[in-house]
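> I'd like to ask you about the structure that follows.
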Amino acid sequence: MSITKVLPLLEPEGTEAVAPCCPPLTERPFTAEEAETAARMFKALGDPVRLRLFSAVASHEGGEACVCDISDVGVSQPTVSHHLKKLKEAGLLTSERRGTWVYYRVEPSVLAAMGRLLAVAPTAA
């Protein structure tokens, strides 16, 4: 008799929830909703400061970075906060407040979904 039991996988709630964006571009045309979601992600990453912040979080040890560790991108702290907020709104980052600092992370599912979106299907030789 086994005493092991399967525990349910908990999903983040509310704005912290991360859902796959879209199918690969080569799979089928996007629906209007998928196109809106992808455009929001690309628009957020279309700003050089946001792209640097996203890269800083994604490449930080453990995939998580304190705002105090990533704020040196050549703009003021309020501007950094604005850009991080835009990345969160686009679903690219999640955050958690710990004391006086906020820690940001890129969900692995977001990076995987972005990679699948841009993946090119192999062509037949």
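The values are calculated or read from the model by the stated rules, or taken from the named source; none is laboratory data. For clarity, every value in this text was computed on a predicted model and none was experimentally measured. For neighbour counting, all protein chains shown are included, and Cβ atoms are generated from backbone atoms with ideal geometry for every residue, glycine included. We work out accessible area using only protein heavy atoms, side chains counted, and drop any ligands, DNA or RNA first. Shrake-Rupley method; radii C 1.70, N 1.55, O 1.52, S 1.80 Å.
> Considering VAL102, VAL73, VAL57, which residue is in contact with a Gly (Cβ under 8 Å, 6 or more places away or on another chain) and β-branched (Val, Ile, Thr)?
Answer to the check: VAL57.
> Quick check on the stretch 33-58: of everything there that is open to solvent by 70 Å² or more (accessible area, probe 1.4 Å) and at pLDDT 90 or above, which residue is farthest from LEU111 (Cα to Cα)?
For the stretch 33-58, the residue satisfying everything is PRO48.
> Among all residue pairs at least 6 apart or on different chains, which show Cβ distances below 7 Å where the first residue, located in the stretch 86-113, is on the phi < 0 side of the Ramachandran plot and the second is crowded, with 20+ Cβ neighbours inside 10 Å and among the small types (Gly, Ala, Ser)?
Pairs found: LYS86/ALA44; LEU87/ALA44; ALA90/ALA44; LEU92/ALA44; TYR103/ALA65; TYR104/ALA65; VAL110/GLY91.
> A further question follows. Out of the residues in the stretch 59-105 that are open to solvent by less than 80 Å² (accessible area, probe 1.4 Å) and of a type in the set (Lys, Arg), state the one that is farthest from ALA44 (Cα to Cα).
Step by step, filter the stretch 59-105, then rank; the result is ARG105.
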